[in-house]
Amino acid sequence: MANSVLPTVDLSAFFNQGDKDGKKKATLEIEEACSEYGFFLAVNHGVPLELMSRALQVSKSFFELPDQEKFEYSLKPGATLPVGYLRSTENAAEKNEHFFMVLPTSTHNHCPSGFQQVLEETYPYFTNLALLVESIINDCLGLPPNFLKEYNNDRSWDFLMAHHYPASETDQSLGKTCHSDGNIITFVFNDGVEGLEVYKDGNWIPISPPQGTLVVNIGDTIQVMSNDKFKSAAHRVVRPRGRSRYSYAFFHGLGGDKMVEPLQHFTIKKGESPKYKGFLYKEYVQLRIRNRTHPPAKPEDVIGITHYAI
Ligand SMILES: O=C(O)CCC(=O)C(=O)O
Ligand SMILES: [Fe+2]
């Protein structure tokens, strides 16, 4: 089965004090998966399965509402963050709608009560899991203990998105076009409907994780910091015929004022040249938001991490 190429990593050892062998095994699997694919699947990740399915139900109920009700949650003019309801424009290359949420305590959020509850309940689990996976990645990359934890100490650039990809009928447009994520680590879960594909060596690999499994992927920031040791893989969502697809993505980011650049650990210390120019995380985030709010006419003009490649 095509799906079996992505390893499924059991994270339970990290929730059971003392299971050293389990931690070692999972760490090695994550290291291999992140250098090879930039993606892995995670089970026993600590996020309650009941909460994941309830969150998907809330999202389905929201996206089934009449347009007029959904548009009440559209981005307010002058808003500093693209929070709330967003949908693709009529002739865009992708067809989707999203609900975008930031830190539960943020006054920027503009959520109906269902999403507010999902946000408040899921956020602590995803934040803890992200800090755990980030510390495992720190070890896999051979960085000094707690390096990423200390560098990445600002949680205000993280966000949660609910996605709906309407079923494809006659048109062939994608649910989400080929992209890589700009952040540190992303967690995705969906309703069991296929559609996510990861690009590797010229092929699109379909990823259909069993329900309750999390898809974990490395973002551009780790790719840059590790000077390409870990991959931020291109991926996309194909819209299945006749079936809508629902998913959530949690994006673990970095403080906006942090500099993102290849770390000396992967350049000077290894005798390798940096593969990227340094940039502020917030600059890259702004460029990526602009890709959405003012989509360029030509797909090749969409700004991605190669913008900083040397
Ligand atoms: O819906 C999915 O399965 C993937 C979503 C995704 O790639 C993203 O939000 O960046
Ligand atoms: Fe993505």
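Worth a mention:
- Hey, Phe115 touching a Phe, Trp or Tyr at 6+ places or on another chain (Cβ under 8 Å) and within 15 Å of ligand 1 (Cβ to nearest atom) or not: no
- Being of a type outside the set (Gly, Ala, Ser), within 28 Å of Thr105 (Cα to Cα) and touching a helix residue (DSSP H, G or I) at 6+ places or on another chain (Cβ under 7 Å) is a condition met by no residue of the range 203-211.
- Put simply, of Asn227, Asn217 the only residue that is away from ligand 1 (no atom under 16 Å from the Cβ), touching a Ser or Thr at 6+ places or on another chain (Cβ under 9 Å), of a type in the set (S, T, N, Q) and under 26 Å from Ala26 (Cα atoms) is Asn227.
- Selection of the range 164-190 for residues being part of a strand (DSSP E or B), over 25 Å from Arg290 (Cα atoms) and either within 13 Å of ligand 2 (Cβ to nearest atom) or among the hydrophobic types (A, V, I, L, M, F, W, C) (or both) yields Phe189, Asn190.
- Matching residues, the range 209-256, being away from ligand 2 (no atom under 16 Å from the Cβ), in contact (Cβ under 8 Å) with a residue 24 or more places away in the chain and farther than 26 Å from Ser273 by Cβ: Gln211, Gly212, Thr213, Pro240, Arg241, Gly242, Arg243, Ser244, Gly255, Gly256
- Selection within the range 86-103 - under 23 Å from Gly114 (Cβ atoms), without any contact (Cβ under 8 Å) to a residue 60 or more places away in the chain and polar (S, T, N, Q): Ser88
- Annotation note: of Phe40, Phe62, the sole residue that is aromatic (Phe, Trp, Tyr), closer than 30 Å to Lys200 by Cα and touching a strand residue (DSSP E or B) at 6+ places or on another chain (Cβ under 8 Å) is Phe40.
- Looking only at the range 18-47, residues that are surrounded by 14 or more Cβ atoms within 10 Å (Cβ to Cβ) and either assigned to a loop (DSSP other than H, G, I, E, B) or touching a Ser or Thr at 6+ places or on another chain (Cβ under 8 Å) (or both) come to 12 in all.
- For the range 230-251, the set of residues classified as in a strand (DSSP E or B) and either within 10 Å of ligand 1 (Cβ to nearest atom) or within 20 Å of Ile268 (Cβ to Cβ) (or both) consists of His235, Arg236, Val237, Arg245, Tyr246, Ser247, Tyr248, Ala249, Phe250, Phe251, listed by residue number.
- Residue selected from the range 174-208 under the condition of a type in the set (D, E, K, R) and farther than 14 Å from Leu41 by Cα, by the criterion surrounded by the most Cβ atoms within 10 Å (Cβ to Cβ): Asp181
- Only one of the numbered conditions (1) under 27 Å from Tyr284 (Cα atoms); (2) assigned to a strand (DSSP E or B) is not met by Pro206, and that is (1).
- Applying the set (1) among the basic types (Lys, Arg); (2) in a helix (DSSP H, G or I); (3) under 21 Å from Ser113 (Cα atoms) to Lys76 leaves exactly one unmet item: (2).
Quick note: the coordinates plus some simple rules give every number you see, no bench work behind them. Not measured: the values here are computed from a predicted model. Note that each Cβ is placed from the backbone with ideal geometry, even for glycine, and that neighbours are counted across all protein chains shown.
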